[in-house]
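Notes follow once the structure below has been shown.
Taken together, the values in this text are just the output of simple stated rules run on the coordinates, not laboratory data. Keep in mind the model is a prediction, meaning the values are calculated, not measured. Every residue, glycine as well, gets a Cβ built from its backbone with ideal geometry; the counts of neighbours run over all protein chains shown.
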Amino acid sequence: MAFSSWRGIVGMVNPTMRPGMTEEVCRLLPNGIGLIPLFLNISRGTEEEFHKMMPHYEELIALLDEQNCDIIHPNGAPPFMVHGFEGEAKIVAAWEKKFKARISSVAQNHVRALKALKAKNFIGATYFPDKLNAIFAQYFTDAGFEVRGMAGIDVPFNKAQELSGEQIYAHIKRNFLKVKGADAIYMLGSGWRTLEIIDILERDLGVPVVHPVTARIWEFQRWLNVREPRSGFGVMLKELP
């Protein structure tokens with residue numbers, strides 16, 4: 001292990017070439033945790049494209065395994081969720097057996113984050129169309145949650161990063177108030193830049209937010225036996241449940 005990564009090394013496979021998320025992870029990772037990011041090039045964001053990605057993920061997981069990463073995190077929830085909750089579990093278990101490594105998909109990470117918050121039900125927000133949102137909702141239903149809604153913003157897949165935090169806040173708040181009484185808010189997708197609205201949503205709506213960036217930082221710390229709370233980005237990092 002390199003001295004600069006004295007608390008552990010995380011290998012991460014990003015689904016797109018889109019900048020933003022990797023920088024946010026680096027910003028929030030505690031000092032001493034190293035990050036090796038590799039990138040796929042999902043560009044259309046369709047169900048058909050997602051279904052074809054597992055061999056490409058496996059190639060990059062093999063590269064990260066050669067670097068003796070403590071955790072390997074294939075990122076991008078939709079490519080895994082289209083295989084269903086049980087199908088995804090079989091894929092990840094097979095990789096762990098093959099590479100003798102600790103591997104967690106981002107969708108599995110989100111399930112664990114919701115459970116850590118003791119959420120029984122939630123309202124979800126995405127930048128995907130209704131057909132895919134129905135698949136995502138079924139994934140979480142099979143994981144044991146009541147999905148009160150999975151509402152997508154109408155935006156092209158390659159433009160999600162251009163949405164403002166204010167637009168996404170309004171979208172989430174509107175749909176949260178419709179359902180009345182959800183335990184949590186879940187934000188699917190690392191494409192949008194939304195760290196700055198997590199605290200605001202939690203204060204205004206009175207429930208915790210599971211955000212893809214903060215959820216992975218929370219779990220990286222748990223797996224590496226690190227505990228470094230951080231304020232300003234929601235309950236997941238402030239309280240490290």
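Some observations on this one:
- Summarised as an ellipsoid, the range 120-207 has semi-axes of 19, 17, 10 Å, derived from the eigenvalues of the Cα gyration tensor scaled by 5 and square-rooted, with the largest first.
- Linear extension gain, residue 240 paired with residue 170, 0.36 nm per residue minus alpha-carbon span: 22.5 nm
- Theoretical ellipticity at 222 nm over the chain - DSSP helices of four or more residues, -39500 (n - 2.57) apiece, nearest 500: -13500 deg cm²/dmol
- Treating each Cα of the range 76-168 as an identical point scatterer and summing with the Debye formula, the log10 of I(q)/I(0) at q = 0.12 Å⁻¹ comes to -0.43.
- Taking the centroid of alpha carbons for each part, the range 67-126 and the range 18-34 are 19 Å apart.
- Along the chain, the longest continuous region that contains none of the trypsin sites (Lys or Arg not before Pro) in a DSSP loop with at most 14 other C-beta atoms within 10 Å is 121-179.
- Share of pairwise Cα-Cα distances greater than 31 Å in the chain is 16 percent (whole percent).
- Counting only Cα atoms, the size of the range 166-227 along its three principal axes is 39, 24, 17 Å, in decreasing order.
- Residue order for 16, 141, fewest other beta carbons within 10 angstrom first, comes to 141, 16.
- Pairs from 52/90; 115/238; 90/120; 118/238 whose Cα-Cα separation, in the structure shown, is over 19 Å: 90/120
- Of the GluC sites (Glu not before Pro) found in the range 71-140, not one falls in a DSSP loop while having at most 15 other beta-carbon atoms within 10 Å.
- For the range 1-123: rounded, prolate or oblate by the Cα gyration tensor [a/c cutoff 1.5]: rounded
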